[in-house]
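Worksheet: the structure to be examined is printed underneath.
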Amino acid sequence: MDRIKVALLMEEQGLVPLFFHSDIEICKKVVKAVYDGGSRLLEFTNRGVFAHEIFSELSKYVRKELPEMALGVGSVTDAATASLYMQCGASFIVTPCMREDIAVVCNRRKVMFAPGCGSLTEIGKAEELGCEVVKLFPGSVYGPKFIKSIKGPQPWTKIMPTGGVSPTEENLKSWFDAGAVCVGMGSKLISKELVKNEQFVELSELTKKTLALISDLRNG
């Protein structure tokens with residue numbers, strides 16, 4: 001899936017679920033659950049050795065069974081790792097920090113890159129490097145007021161807070177009222193309890209409810 005389509009999908013959907021598990025069968029069930037709940041985005045978090053092998057199998061599964069899903073990778077910290085994941089089929093790359101080397105390899109492949117930024121200077125640099133969406137991380141530290149302040153001088157900037165985001169009306173309203181283009185949500189959406197107890201129907205319902213809430217908040 002090309003970078004522009006992914007960027008538009010992020011803006012349209014407003015939610016990027018984040019998830020990692022070392023068991024490929026659990027990963028398949030989780031991605032299927034959020035897909036059934038209406039999400040067409042999922043960020044696989046790069047954690048530990050051999051994580052790319054899990055992603056590779058998950059990517060093949062998604063391409064065959066869930067063709068509308070844009071499957072990306074987060075917590076990438078160098079260009080070599082980004083290239084490896086793109087070779088495994090990643091539709092987008094997300095990082096915790098601003099990395100020019102990753103921007104270069106992603107641009108070569110026309111793959112969307114959302115770098116973690118924590119200042120207006122970093123955001124400006126990311127946009128100069130062609131980033132359509134920048135990640136605000138950790139969102140819990142900066143808060144919605146940071147986004148609102150950035151949108152003043154730069155109304156064109158598209159920010160995705162990650163960390164400190166939960167599927168409650170109060171929390172989501174604060175982010176979208178401030179001007180967030182979408183939000184990244186991990187354990188508050190795909191909780192350890194739901195995964196451990198294999199409550200995948202409940203995960204689908206929570207995903208559906210969260211997407212509907214985001215839509216209502218932005219269109220209300």
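Look through G89, G72 and report the one residue that is in contact (Cβ under 8 Å) with a residue 24 or more places away in the chain and at positive phi. Break it down stepwise before answering.
Working: G72 fails: at positive phi.
Result of the check over G89, G72: G89.
Can you find a residue that is in contact (Cβ under 8 Å) with a residue 24 or more places away in the chain, surrounded by 20 or more Cβ atoms within 10 Å (Cβ to Cβ) and of a type in the set (K, R) anywhere in the stretch 195-218?
Taking every residue of the stretch 195-218 in turn, none turns out to be in contact (Cβ under 8 Å) with a residue 24 or more places away in the chain, surrounded by 20 or more Cβ atoms within 10 Å (Cβ to Cβ) and of a type in the set (K, R).
Considering every residue within the stretch 191-198, establish whether at least one is within 22 Å of F92 (Cβ to Cβ) and not hydrophobic (A, V, I, L, M, F, W, C).
There is no residue in the stretch 191-198 that is within 22 Å of F92 (Cβ to Cβ) and not hydrophobic (A, V, I, L, M, F, W, C).
Would you point out which residue out of P167, P155 is surrounded by fewer than 18 Cβ atoms within 10 Å (Cβ to Cβ) and either part of a loop (DSSP other than H, G, I, E, B) or within 13 Å of the chain's Cα centre (by Cα) (or both)? Even if it seems obvious, please write down each step before you answer.
Values: P167 fails: surrounded by fewer than 18 Cβ atoms within 10 Å (Cβ to Cβ).
Criteria check complete, one pass: P155.
Tell me, which residue of the stretch 143-152 that is part of a helix (DSSP H, G or I) and within 18 Å of the chain's Cα centre (by Cα) is farthest from V94 (Cα to Cα)?
Among them, the one singled out is P144.
Residue under question is L211, and the condition is that it be within 22 Å of V6 (Cα to Cα) and either in a helix (DSSP H, G or I) or at pLDDT 95 or above (or both); does it hold?
yes
Of L58, L15, L84, L42, which residue is in contact with a Ser or Thr (Cβ under 7 Å, 6 or more places away or on another chain), crowded, with 17+ Cβ neighbours inside 10 Å and either on the phi > 0 side of the Ramachandran plot or in contact (Cβ under 8 Å) with a residue 12 or more places away in the chain (or both)?
L15
Report whether or not D23 is free of Cβ contacts under 8 Å to residues at least 60 places away in the same chain and either closer than 19 Å to G186 by Cβ or not aromatic (F, W, Y) (or both).
Taking the combined requirement at face value, the residue satisfies it.
Among the residues of the stretch 43-55, is any within 24 Å of W156 (Cβ to Cβ) and in contact with a strand residue (DSSP E or B) (Cβ under 9 Å, 6 or more places away or on another chain)?
There is at least one residue in the stretch 43-55 that is within 24 Å of W156 (Cβ to Cβ) and in contact with a strand residue (DSSP E or B) (Cβ under 9 Å, 6 or more places away or on another chain).
The values are calculated or read from the model by the stated rules, or taken from the named source; none is laboratory data. The structure presented is a predicted model; accordingly, all values stated were derived computationally and were not measured. Every residue, glycine among them, receives a Cβ derived from its backbone with ideal geometry; neighbour counts consider all protein chains shown.
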